[in-house]
Structure formats: structure tokens, C-alpha cells
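We did not get these values from a lab; they are worked out from the coordinates using the rules stated. Values in this document were obtained by computation on a predicted structure and should not be read as measured data. Here the Cβ positions follow ideal geometry from the backbone for every residue, glycine too, while neighbour counts run over all protein chains shown.
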Amino acid sequence: MYLLRLALASLNNRRFTALLTVLAIALSVCLLLAVERVRSEARSSFASTISGTDLIVGARSGSVNLLLYSVFRIGNATNNIRWSSYEWLVDNPKVKWAIPISLGDSHRGYRVMGTDSSYFEHYHYGRGQALQLAEGRPFADLFDVVLGAEVASALHYKIGDQIVLAHGVSQVSLSKHDDKPFRVSGILARTGTPVDRTLHISLGGIEALHVDWKNGAPAQGGGRISAEQARELNLQPKAITAVLLGLNSKIATFALQRQINEYSGEPLQAILPGVALQELWSLMGTAEKALFVVSLFVVLTGLIGMLTAILTSLNERRREMAILRSVGARPWHIASLLVLEAFSLACAGVLLGLLLLYLGIAASQGYVQANYGLYLPLSLPGSYEWSLLGAILAAALLMGSVPAWRAYRQSLSDGLSIRL
């Protein structure tokens, strides 16, 4: 115990250097734990981009491709599925609810998605959170559009604004549906998911936009149909892009998946969102590991800074060591003193790092969840985080043994013969 008091007193005499060392370790520990929490929560948030949906059904292709265009609005479907196939799915006794999705248009780089009212009722994200409207109401008119939070914020739209959608998916489009403008009826609350980057219109609205289009181009001359004329037409969709399904029983998931995959009406594919999300996340594992390795090197840099500070002070403290030896201190006492100093610095750095981590989480928790969909809990470190902190303290002890060994080997006469 007296060695610990002596080590703390010695650090107090060099408090400025010690504080800088502790701060460097604290910042590196805070960064490591923050990266680890963001990694784990990002994985959890990624896996819960879509929640409560049992199956996603689309044209037969790869499971990742189907997930990308139906949930993340990335890429395009290899083919559409017929409306009759959608009706067959809805009529299946195992199906509790179905959300039709129709893609293909965009607005200034943001995807437009056609759906129906079941989307706002049954689509969930995160930990089972339902979609909420920040302003306005869901689409009721044929030419109403509900904006995701990012679309409204980035393009400065508000309720009642008129917008023109474009054919196809690109930042700049030459084929615009400017004869059928839409009016903003609602703006969704921020979710931190691809919903924020999507414009939502009705399936009838999708059909109205393309009712006078042939082979991907608008009809010429007298073949054009105005917005008012479109309201009088039968706008029943002939095909959609994908369907999200919720089932009456989770037990029936695999049986229905097999039934859909073997459907004779047309080639369909049903995927489990959780499995496909894990498959997609595994493709991103290299970047995740690289981020963790970088944070480990930051911690190593902080510990090397501590080692450098102690080694640099050795020459200045050789007389101090010699005096301790002269009053009866053993060589192992001197070595233990330096090891305790290193351990004390590391402990203080770890504690300060934890404090900085929790202060940072408390200050940014709401903002991060609202803008990035990540929920960072104010919870005690888990077993893996404790193992990381233990490894940091063990590394500090190991590094502290280097100056301790040097001090151990210094002789009494060497310490007393220093020229001032």
C-alpha cells in the first residue's frame, strides 16, 4: 500500500505530464468503446431496418438483390410480379397482411415508391417502431405524396408544395411527368432508415403517371392523358415490384416460403429479411473490422505515449531512485513503483474514458437515433467491453515493466554520480 501511495505522490509531483498522459489514454479508450458500441448497434440497427415482416416476395433473383431494391431502394428488380400473383398471396390463409411495393420513378435522385395504406399501418423498423407522421396525413388523393424526412429536409419541401416526378432513377432526368404534378400531403418522422429517402405515393398514382406511356416513353400528339382524365380511368395495377408479408403464425413461415418458391403461376422468390440482412452484412464485414483495428491502434498509441512519458522521466529521476535505494528500498521496490505508476495512469485513463463515453452518449443519444437510426444505450459495459478494458490494463502493466526493468538495473552509485 505504501508503494501505491508513493507512486501517486510521485505522479502528483509530475501532475501536468501525468494529466496529459491520462487524457491521451482516456480519449483512446473512449474512442475504442464508442466504435465498439456503434459497431454493435449499427449491426443491430441494420438487422432491424425492417421489423415485423416475415417474408419479402419478388421476382426470382438473388436474395440480396431482392432485399436491396425492396427495402434499401438500391438497384432495380429483374422483373415485376403480376397483380394476380399479389392477389393469390393476399388470399392465402397463412397471410395476415400484405404491403405491395411498386418502384421505377424518382425525384431529384430520391426513389419514388407506390404502395397503399397498409404500408403506414404495418411497416415497422427498429425495435418494432411504427411509422409516424411528423406533419400532414397519408395520401388520400390520387396525386398526393408523402415524403420521407430526409427528402423534405434536403429539398426544403413543406405541406402543400407541388412536385414533379421523373421517369426512371437518376439525379437528372429528361423524362418528367410534368403533366401530372403531385402535392405533398404528409411528411414522415425521421427513422434513420431508407424510408427517410423515399417519396411515397399510391399504386393508383403510379398507374396514373404511366397510363399514357408506351415502351418507356410518353405518347405523342393526341395520345396524352391529362391528370383530370386519369382520375376517370380504371387504375388497377397490372404488375408490382415486390410484396412484404406478415403471417398469422411464425411457424408457417418456411412452409409458405416453399409454397411461394414453387408457385406455378410465375417464377417468384420469397426471402426471410433477417437471413438476407445477415448475408448482406457479412459482405460489409471488412470495413467493420478495419474500423475496429484503427481504434485499437489509437489505444496502442495512447499507451505508447504513457511509456514514452515514463521513460523520459527516468533520467530526471535517477537521483530520486538512488535516494530511495539509499534509505533501504530494494531494486524490486523501485521496479514495482514504476509498474504501479503505469497501472495508475492506465486506470485513471480507463475511468476517465468511460466517463467521457457516457457523457458523449447522453449528449448525442437523441440526435444519433433521430438522424441515423442508432440507439446507443446508457448501459454498463458488456462482457466483451470489460475484456477490452482488461486487455488495456494488461498492456499498460506490460509496458510499465519496460521502465521498471531499466530502473531495476540502475545502480546506487550511478544515481548518486549524476552531474548537475
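If each residue of separation counts as 0.36 nm, what is the full-extension length gain between Arg258 and Phe16 once their alpha-carbon separation is subtracted?
Values: separation 242, 0.36 × 242 = 87.12 nm, distance 6.84 nm.
Result for the pair: 80.3 nm of gain on full extension.
Taking a straight Cα-Cα cut-off under 28 Å and skipping sequence neighbours fewer than 8 places away in the same chain, the lysines within cross-link reach of Lys238 are Lys94, Lys96, Lys176, Lys180, Lys214.
Could you tell me the distance between the Cα centroids of the range 93-123 and the range 147-206, to the nearest Å? Using only Cα atoms to place each centre, the spacing works out to 14 Å. Label positions at His210 and Ser84, each projected 7 Å from the Cα along the C-beta direction, are separated by 1.9 nm.
Sort Trp386, Trp83 so the one with the fewest other Cβ atoms within 10 Å of its own Cβ comes first.
Working: Trp386 11, Trp83 15.
By the 10 Å Cβ count, ascending: Trp386, Trp83.
Model label sites at Trp405 and Glu228, defined 7 Å from Cα along the beta-carbon direction, differ in position by 9.1 nm.
Which FRET efficiency, nearest 0.05, do Leu398 and Val38 yield, Cβ-Cβ r, R0 25 Å?
Working: r = 28 Å, r/R0 = 1.12.
About 0.35, to the nearest 0.05.
Among the trypsin sites (Lys or Arg not before Pro) in the range 123-203, those placed in a DSSP loop whose Cβ has at most 15 other Cβ atoms within 10 Å are Arg127, Lys158. Can you bin the range 123-164 into rounded, prolate or oblate? Criterion: square roots of the alpha carbon gyration tensor eigenvalues sorted a ≥ b ≥ c, rounded for a/c under 1.5, prolate for a/b above b/c, oblate for the rest. The shape class here is oblate.
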